[in-house]
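Right, one structure below, let's go through it.
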Amino acid sequence: MADAIRNTQGDTEEEIQMLDAIERWVTRELKPIVREYDHADRYPTEVVEQMKELGLFGAIISPEYGGLGLSASTYAKIIMSISSVWMSVTGIINSHLMLALAIQKFGTPQQKTRWLPRLASGEIRGGLALTEPDAGTDLQGIRMVARRDGDHYVINGTKTWITNGAEGSVFAMLVKTDPDAKPRYNGMSLFITPKMKGFTVGRKLPKLGYKAIDTAELIFEDYRVPADHLIGGVEGQGFFQTTGGLELGRINVASRGVGIAEGALKLATEYAQIRKTFGKPICEHQAIQLKIGEMATRARAARLLTLDAARAFDNGERCDMEAGMAKYFASEAALENSIEGMRIHGANGYSREYDIERLYRDAPLTCIGEGTNEMQRIIISRQHIKRNPAL
């Protein structure tokens with residue numbers, strides 16, 4: 001498993017060193033504390049500070065604004081490495097970088113200069129706020145409204161399931177500036193919304209897994225934001241600005257799935273060589289060999305699909321199908337490998353004293369986040385048909 005992240009063909013020497021540094025950090029700093037923090041559902045403040053020092057909050061932000069400017073391929077490998085031990089903390093980075101990506105790709109020069117350096121350093125952290133109580137995969141169904149009032153907009157509504165919602169300080173907020181627009185996406189806009197009067201954090205949402213980081217409700221009541229916080233400065237572009245970053249978001253979730261699939265494989269492989277039944281290690285039993293063979297194949301295929309999507313993204317190619325394939329397959333691989341890993345552990349797999357149970361609880365999120373796998377299959381099918389018209 002350790003060799004997998006070092007498959008860095010095409011990366012610069014600096015990026016290879018970054019991957020090695022991440023691998024050492026995961027082993028030295030994350031592995032010893034993950035079980036304690038996960039079980040207590042405790043926010044990892046010290047880990048956040050370490051991620052700031054590593055530059056992870058600026059991973060894909062341009063060096064022009066103080067970021068590392070990493071390729072999507074290198075970024076994906078970083079997320080894989082971290083997720084193999086502690087998937088939750090990658091959410092702190094990803095949601096933050098989705099905010100930064102929206103500003104970097106679509107923001108005005110003034111917005112980039114004002115926000116990106118502080119986002120890159122981790123001085124301010126935040127996320128992307130899309131989901132509402134009645135709108136998830138169907139983004140056009142959001143109800144949060146922004147009304148123009150002089151040189152400000154007044155925002156009212158609620159967002160839910162927002163990563164970094166409690167601990168973050170600024171968010172890219174998808175709203176409707178024209179609720180009556182037809183088609184609906186023409187009335188959607190994206191705002192930079194720092195925490196200030198009218199912005200309240202609701203309850204922290206309890207979760208099966210993905211613990212230790214905050215997932216919260218965000219409530220807006222007559223929240224007044226300056227008009228220059230409208231990303232790009234033009235109303236009606238929010239839907240495209242949001243979906244324009246989803247490919248990288250799905251590559252991130254795919255990378256989390258790869259990490260979980262590989263982490264489960266590693267734990268199962270180690271345990272199968274130590275645990276003995278009928279006088280020999282269980283890895284010598286054919287039933288266990290069949291499971292490990294399937295797990296290894298799934299993990300490898302998931303990694304290759306994810307890196308394929310990341311390369312397409314780096315090359316500036318359209319990659320919604322590739323990102324959808326990677327997200328779909330890798331997340332299902334995470335789910336299957338975590339279940340099979342638990343079975344290989346037997347009764348111990350059901351114990352909180354073993355790490356496999358955490359991977360089992362974390363894996364389902366990857367099948368839901370950044371668009372459900374049902375939606376991914378529809379996207380894949382539509383794009384495949386579009387790219388292969390009948391003669």
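Yes or no: residue 386 more than 28 Å from residue 32 (Cβ to Cβ), touching a Gly at 6+ places or on another chain (Cβ under 8 Å) and assigned to a helix (DSSP H, G or I)? Judged against the criteria, residue 386 is not a match. Looking at 19, 70, just one residue is touching an Asp or Glu at 6+ places or on another chain (Cβ under 8 Å), buried (at least 17 other Cβ atoms within 10 Å of the Cβ) and outside any helix (DSSP H, G or I), and that residue is 70. Only a single criterion out of (1) among the β-branched types (Val, Ile, Thr); (2) buried (at least 20 other Cβ atoms within 10 Å of the Cβ); (3) not in a loop (DSSP other than H, G, I, E, B) is not satisfied by residue 27, namely (2). Among the residues making up the stretch 159-169, those that are open to solvent by less than 50 Å² (accessible area, probe 1.4 Å) and either in contact with a Leu (Cβ under 7 Å, 6 or more places away or on another chain) or polar (S, T, N, Q) (or both) are 159, 160, 162, 163, 164, 165, 169.
The residues in the stretch 322-350 that are open to solvent by 20 Å² or more (accessible area, probe 1.4 Å) and within 18 Å of residue 257 (Cβ to Cβ) can be counted, and the count is 9.
Being more than 16 Å from residue 232 (Cα to Cα) and in a loop (DSSP other than H, G, I, E, B) is a description that does not apply to residue 91. Flag: residue 353 does not match the condition of being open to solvent by less than 30 Å² (accessible area, probe 1.4 Å) and either within 21 Å of the chain's Cα centre (by Cα) or farther than 23 Å from residue 243 by Cα (or both).
Kindly indicate whether any position in the stretch 73-83 is open to solvent by 20 Å² or more (accessible area, probe 1.4 Å) and touching an Asp or Glu at 6+ places or on another chain (Cβ under 8 Å). Checked against the condition, which is being open to solvent by 20 Å² or more (accessible area, probe 1.4 Å) and touching an Asp or Glu at 6+ places or on another chain (Cβ under 8 Å), the stretch 73-83 yields no hits at all. The single residue among 326, 347, 296 that is touching a residue at least 12 places away in the same chain (Cβ under 8 Å) and over 24 Å from residue 137 (Cα atoms) turns out to be 296.
State yes or no: is residue 182 without any contact (Cβ under 8 Å) to a residue 24 or more places away in the chain and farther than 29 Å from residue 85 by Cβ? For residue 182, the condition - without any contact (Cβ under 8 Å) to a residue 24 or more places away in the chain and farther than 29 Å from residue 85 by Cβ - is met.
I want to confirm something. Restricting to the stretch 299-315 and keeping residues that are open to solvent by 30 Å² or more (accessible area, probe 1.4 Å) and of a type outside the set (Lys, Arg), which single residue is farthest from residue 249 (Cα to Cα)? For the stretch 299-315, the residue satisfying everything is 301.
Just checking, does the stretch 368-379 include any residue being among the charged types (D, E, K, R), open to solvent by 90 Å² or more (accessible area, probe 1.4 Å) and not in a helix (DSSP H, G or I)? Looking through the stretch 368-379, none of the residues is among the charged types (D, E, K, R), open to solvent by 90 Å² or more (accessible area, probe 1.4 Å) and not in a helix (DSSP H, G or I).
Yes or no, residue by residue, for (1) open to solvent by 20 Å² or more (accessible area, probe 1.4 Å); (2) modelled with pLDDT under 95:
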position	(1), (2)
210	no, no
224	yes, no
241	no, yes
258	no, no
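Considering (1) modelled with pLDDT of 95 or more; (2) open to solvent by less than 20 Å² (accessible area, probe 1.4 Å); (3) in a helix (DSSP H, G or I), the lone condition that residue 236 does not fulfil carries the number (3).
Residues in the stretch 40-67 that are open to solvent by 50 Å² or more (accessible area, probe 1.4 Å) and aliphatic (A, V, I, L, M): 40 only. Among the residues of the stretch 123-140, the ones that are of a type in the set (Gly, Ala, Ser) and open to solvent by 20 Å² or more (accessible area, probe 1.4 Å) come to 1 in all.
The values are calculated or read from the model by the stated rules, or taken from the named source; none is laboratory data. Please read these numbers as outputs of a predicted model, since none were measured by experiment. Backbone-built Cβ (ideal geometry, glycine too); neighbour counts: all protein chains shown. Heavy atoms of the whole protein, side chains included, go into the accessibility calculation; ligands, DNA and RNA do not. Shrake-Rupley method; radii C 1.70, N 1.55, O 1.52, S 1.80 Å.
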